[in-house]
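Trainee: This is the structure I want to talk about, given as structure tokens.
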Amino acid sequence: MPTGVHLHDARRQLFDAAERVLLRDGPNGLTSRAVTDEAGCAKGVLHRHFADFDAFLTDLVLDRAARLETQASALRESAGTGTVAGNLTGALTTMFGPVAMAIIPLITFRDELRARLRQAMPGGGVAILAQATTAISAYLADERELGRVAAGADLDSLTLSLVGGGHLLFVDRDPGPPTTEAVDRFVTSVIADSVAQRPVQ
């Protein structure tokens with residue numbers, strides 16, 4: 001059996017190949033054969049590095065979810081600058097990018113993957129959404145400390161509204177993601193009663 005190309009960093013290349021398949025063909029098209037074909041290697045390469053395909057998918061999701069940590073840090077660093085609505089609009093647009101929006105249905109429809117993610121990390125059963133929830137909640141708390149979010153604001157409800165509604169905005173990618181203006185209108189309406197829109201000079 002041909003072995004295909006030699007993979008210097010097999011895990012990384014397999015993850016990148018899986019991401020391309022997921023974006024192109026959706027969750028139903030993501031099989032071990034599709035991944036190894038995309039990576040240009042023998043199917044056995046995947047099984048040398050992972051116990052089974054669900055183990056591979058678990059590590060793939062955790063790897064992609066970890067990238068949200070950088071985005072979460074950037075969001076928290078933006079506290080006190082610009083407008084709260086603008087910062088949240090940018091964060092939702094980044095967090096609900098094409099890869100995240102392809103991973104969420106993958107998690108939803110694979111029970112074993114969801115179970116393994118729950119074991120691997122708190123809230124892992126809904127990885128990506130859980131990361132976004134944590135990031136936005138922390139950001140809103142920072143802004144409340146700075147006085148740009150009302151002291152009595154219900155941060156849990158705001159966070160759930162932003163993440164849940166934001167996900168719904170982005171979930172239908174045909175003909176494409178929502179415009180920045182559409183996301184901004186949504187965010188502004190959610191936070192209207194709790195947040196001052198005045199930019200910091």
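Trainee: Mind checking the full-extension length gain between residue 112 and residue 63? Use 0.36 nm per residue of separation minus the Cα-Cα distance, one decimal, nm. List each step's numbers first, then the result.
Mentor: On the way: separation 49, 0.36 × 49 = 17.64 nm, distance 1.75 nm.
Contour length minus the Cα-Cα distance gives 15.9 nm.
Trainee: Helix by helix, which DSSP H runs in the chain go 27 Å or more along their axis at the Cα atoms and have an average Kyte-Doolittle hydropathy of -1.0 or more?
Mentor: Answer set is 53-77.
Trainee: Quick query: amide H of residue 149 versus all other amide H atoms, modeled in the peptide plane; which residues come in under 5 Å with a sequence gap of 5 or more or a different chain?
Mentor: Here the answer is 144, since their amide H atoms fall under 5 Å of that of residue 149.
Trainee: Still on this structure, I have one more. Compute the accessible area per residue over region 1-123, keeping the other protein chains in place, probe 1.4 Å, unit Å².
Mentor: Per-residue value: 48 Å².
Trainee: Tell me, what is the FRET efficiency for residue 141 and residue 48 to the nearest 0.05, using R0 = 41 angstrom and their Cβ-Cβ distance as r? Show your work: numbers first, answer last.
Mentor: Working: r = 44 Å, r/R0 = 1.08.
Calculated transfer efficiency: 0.40.
Trainee: So what is the relative contact order for the chain, in percent, with contacts set as C-alpha pairs under 8 Å and at least six apart?
Mentor: Averaging sequence separation for qualifying contacts and normalising by length gives 22 percent for the chain.
The values are calculated or read from the model by the stated rules, or taken from the named source; none is laboratory data. Every value quoted in this text rests on a predicted model; they were computed, and no experiment measured them. Cβ coordinates were reconstructed from backbone atoms using ideal geometry, including for glycine residues, and neighbour counts include every protein chain displayed. For accessibility, only protein heavy atoms count, side chains too; no ligands or nucleic acids. Shrake-Rupley method; radii C 1.70, N 1.55, O 1.52, S 1.80 Å.
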